[in-house]
1. Would you kindly find the accessible area of Glu41, with a 1.4 Å probe and non-protein molecules such as ligands, DNA and RNA excluded, rounding to the nearest 10 Å²?
2. With Cβ to Cβ distances under 12 Å as the rule, what net charge do the other residues near Phe39 carry (K, R +1; D, E -1)?
3. Using only protein heavy atoms and a 1.4 Å probe, report how much of Asp7 is accessible, in Å² to the nearest 10.
4. Using only DSSP helix segments of four residues or longer, with each worth -39500 (n - 2.57), what per-residue ellipticity at 222 nm results for the chain after dividing by its residue count and rounding to 500?
5. So if each residue of separation counts as 0.36 nm, and I subtract the Cα-Cα distance between Val78 and Ser95, what length gain in nm does that give?
6. What does the accessible area of Lys23 come to, in Å² to the nearest 10, when a probe of 1.4 Å is used?
7. Considering the values (1) 12.9, 37; (2) 13.4, 41; (3) 29.9, 100, which represents Rg and Dmax of the Cα atoms in Å as calculated for the structure under consideration?
Amino acid sequence: MNTLESDNDRHTEQLAAKVSRLKSIAIDIDNETKDHIPFLESMNFDFNTARSFLGGSSRHLSTAMSSGRGDRRVMCYVIAGIVFAFIFLYYVVSSFR
């Protein structure tokens, strides 16, 4: 009977240690989540800013496309600038890998 009681006590201590470890992991996850919320909010702001910038660029490009023959030079400059920007971003991103 004493052996069963000691086994039960040992299992109880092991279970308490596992519960304590799980509690500390849950607290760490909560802390990490709270630490990353401001970062994610700033990313949301950055994406919204980029979305509005791209929307404005798209409107300007469609205006230039529909304005007639006189603005074809401007349209070529805009398209060349966009192509250059994509090539530049490609090289910048590939240099960080």
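The values are calculated or read from the model by the stated rules, or taken from the named source; none is laboratory data. Please read all numbers here as calculations on a predicted model, not as lab measurements. For neighbour counting, all protein chains shown are included, and Cβ atoms are generated from backbone atoms with ideal geometry for every residue, glycine included. To get the accessible areas, we keep the full protein, side chains included, count just its heavy atoms, and leave off ligands, DNA and RNA. Shrake-Rupley method; radii C 1.70, N 1.55, O 1.52, S 1.80 Å.
1. 120
2. Surrounding charge for Phe39 is -3.
3. Answer for Asp7: close to 50 Å² accessible.
4. Mean residue ellipticity at 222 nm (helix-derived): -34000 deg cm²/dmol.
5. 3.5 nm is the gain from fully extending Val78 to Ser95.
6. We get 130 Å² for Lys23.
7. Evaluating Rg and Dmax of the Cα atoms in Å on these atoms matches (3).
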